[in-house]
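Laboratory data are not the source of any read-out in this text; all were calculated from the coordinates shown. Bear in mind that the values here come from a model prediction, so they are computed numbers and not experimental data. Cβ atoms come from the backbone with ideal geometry, glycine included; neighbour counts cover every protein chain shown.
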């Protein structure tokens with residue numbers, strides 16, 4: 001049996017994904033999550049073979065959750081579901097060590113294939129993607145504009161932009177409030193910003209939250 005975790009902040013989407021996946025005789029959804037933080041918690045507890053994560057979720061994006069899952073439970077394979085065919089999201093997914101990247105509009109045809117590929121330890125990219133170009137980009141180490149912030153600082157920025165308090169951020173990320181304040185100060189200094197309004201604009205541009 002192929003145990004799966006499904007994470008999406010819309011219940012109707014999770015129900016549809018469960019129905020699609022469980023039509024396959026070997027596949028069983030063992031856990032559902034409504035946001036990225038819950039997805040990480042369930043992945044660590046249930047240890048599914050494959051975690052299917054929506055890219056755009058509250059508290060922690062699918063890409064952030066993928067990075068956390070792969071760091072703490074590397075045996076769990078991750079497939080990301082996204083509405084975005086922007087290269088930025090694809091490259092971020094690859095850097096987060098996701099096994100697959102599936103566009104939501106093609107989920108009915110591509111998701112099963114992506115999950116099976118992940119189970120075999122093989123990558124899956126949208127058919128329209130030029131695999132050879134991606135491979136060449138990775139092999140040559142072509143420079144993509146990189147974010148000046150660390151993954152943890154990006155976690156903090158997302159939560160600040162979602163209007164969480166320092167105490168709430170500390171609880172969600174299992175940090176002290178002092179550490180959260182330190183991250184906030186470092187972020188503002190690195191980005192040359194002064195307040196939360198500017199951080200919200202940055203978070204939207206960076207794809208951490210939706211406008």
Normalised alpha carbon radius of gyration of the range 2-140 [divisor 2.2 N^0.38 Å]: 0.95
Value of relative contact order over the chain, rounded to a whole percent, pairs C-alpha under 8 Å and six or more apart: 14
Stokes-Einstein diffusion coefficient of the range 66-110, Kirkwood radius over Cα pairs, 25 °C, 0.890 mPa s, in µm²/s: 225
FRET E, pair residue 174, residue 30, Förster distance 25 Å, beta-carbon r, rounded to 0.05: 0.55
Cβ-derived FRET efficiency at R0 25 Å, residue 47 paired with residue 204, nearest 0.05: 0.15
Estimated FRET transfer efficiency (residue 109, residue 186; beta-carbon r; R0 30 Å; 0.05): 0.10
Equivalent ellipsoid dimensions for the range 155-206 as semi-axes, Å, which come from the Cα gyration tensor, largest first: 18, 12, 8
Candidates 49, 18, 194, ranked by Gaussian network fluctuation over the chain, Cα under 10 Å, top entry: 194
